[in-house]
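Visitor: Provided herewith is a single structure, encoded as structure tokens, for subsequent inquiry.
Please treat every number below as a calculation from the coordinates, not as lab data. Here the structure is a predicted model, which means the values were calculated and not measured. Cβ coordinates were reconstructed from backbone atoms using ideal geometry, including for glycine residues, and neighbour counts include every protein chain displayed.
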Amino acid sequence: MKKHVLSVLVENNSGVLSRIAGLFTRRGYNIDSLSVGTTENPKISRMTISVLEDESTLEQIRKQLNKLVPVIKVVRLEGDRSIYRELVMIKVGAGVEDRSSIIDIANIFRGNVVDVSSESVVVEMTGDSNKISGLLEMLKPFGIIEIVRTGLTGIQRGYGSIGE
């Protein structure tokens with residue numbers, strides 16, 4: 001099995017996310033990651049769905065998605081021709097003596113410290129999965145209290161859009 005990323009344009013109506021998720025549930029497909037947001041056209045939303053499946057199952061998923069009425073277009077984002085990112089916020093246990101080390105690590109990974117309290121620091125970072133994993137490994141020794149990740153989102157490189 002391999003990770004595949006689909007970019008799906010859908011009508012921006014209530015219930016669309018439920019219909020897409022229901023399709024995956026009924027067919028026994030697992031969603032590895034899902035992110036959704038409106039596009040430059042407020043009537044259209046874009047879903048980025050990553051799945052861990054083989055090629056034949058991926059093709060079945062694409063066919064099933066294309067059958068749904070609210071789906072406008074389904075495009076597979078190829079790794080070498082696309083850019084992928086995630087957002088992560090990490091709350092790390094930090095006394096006064098550890099704060100400067102945590103801030104230094106955040107800066108190395110081009111992260112931002114977005115909150116500091118007497119017992120913790122919250123680091124925010126955007127990047128690919130490997131970069132996020134690297135940051136998490138570096139922060140583990142300080143004691144990770146909480147992690148929030150958005151899930152994968154992606155866009156094709158170059159001029160043009162999937163809506164064309």
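Visitor: Counting other Cβ atoms within 10 Å of each Cβ, which trypsin sites (Lys or Arg not before Pro) in region 2-43 have at most 15 and sit in a DSSP loop? Walk me through the numbers before you get to the answer.
Guide: On the way: sites: K2, K3, R19, R26, R27, K43; in loops: K43.
Qualifying residues, ordered by number: K43.
Visitor: For helix 16-27, report the angle its Cα long axis makes with the longest principal axis of the Cα atoms of the chain; keep it between 0 and 90° and round to the nearest 10°.
Guide: For 16-27 against the chain, the angle is about 80 degrees.
Visitor: Here's something else I'd like to know. Could you work out Rg/(2.2 N^0.38 Å) for region 2-77, with Rg from alpha carbons only? Walk me through the intermediate numbers first.
Guide: Details: Rg = 11.5 Å, N = 76, 2.2 N^0.38 = 11.4 Å.
Against the compact-globule rule of thumb, the ratio is 1.01.
Visitor: On a 0 to 90 degree scale, rounded to 10, what angle separates helix 129-139 from the longest Cα axis of the chain?
Guide: Computed tilt is about 20 degrees.
Visitor: Further question: What are the lysines whose alpha-carbon lies under 17 Å from the alpha-carbon of K63, with same-chain residues fewer than 8 places away excluded?
Guide: Filter leaves K73.
Visitor: Just want to confirm a number: the relative contact order over region 83-153, from Cα pairs under 8 angstrom separated by 6+ residues, in percent.
Guide: Values: 121 pairs, mean separation 35.7, N = 71.
Reported as a whole number, the value is 50 percent.
Visitor: In whole Å, how far is the Cα centre of region 149-164 from that of region 101-118?
Guide: If you average the Cα positions of each part, the centres end up 28 Å apart.
Visitor: Any idea what the alpha-carbon Rg over 2.2 N^0.38 Å comes to for the chain? Numbers along the way, then the final one.
Guide: Working: Rg = 18.6 Å, N = 164, 2.2 N^0.38 = 15.3 Å.
With N residues counted in the chain, Rg over 2.2 N^0.38 Å equals 1.22.
Visitor: May I pose another question? In straight Cα distance, which aspartates and glutamates are under 17 Å from K140, not counting same-chain residues fewer than 8 positions off?
Guide: E97, D98, D104, E119, E124
Visitor: Only Cα pairs under 8 Å and at least 6 apart count here; give the relative contact order of region 1-89 as a rounded whole percent.
Guide: Values: 125 pairs, mean separation 37.6, N = 89.
For region 1-89, the relative contact order is 42 percent.
Visitor: Starting from the Kirkwood Rh over alpha-carbon pairs, what translational D in µm² s⁻¹ does region 83-153 have by Stokes-Einstein at 25 °C and 0.890 mPa s?
Guide: Values: Rh = 11.9 Å.
Result for D is 206 µm²/s.
Visitor: Considering Cα pairs under 8 angstrom that are at least six residues apart, work out the relative contact order of the chain and quote it in whole percent. Walk me through the intermediate numbers first.
Guide: On the way: 284 pairs, mean separation 44.1, N = 164.
Normalised by residue count, the contact order of the chain is 27 percent.
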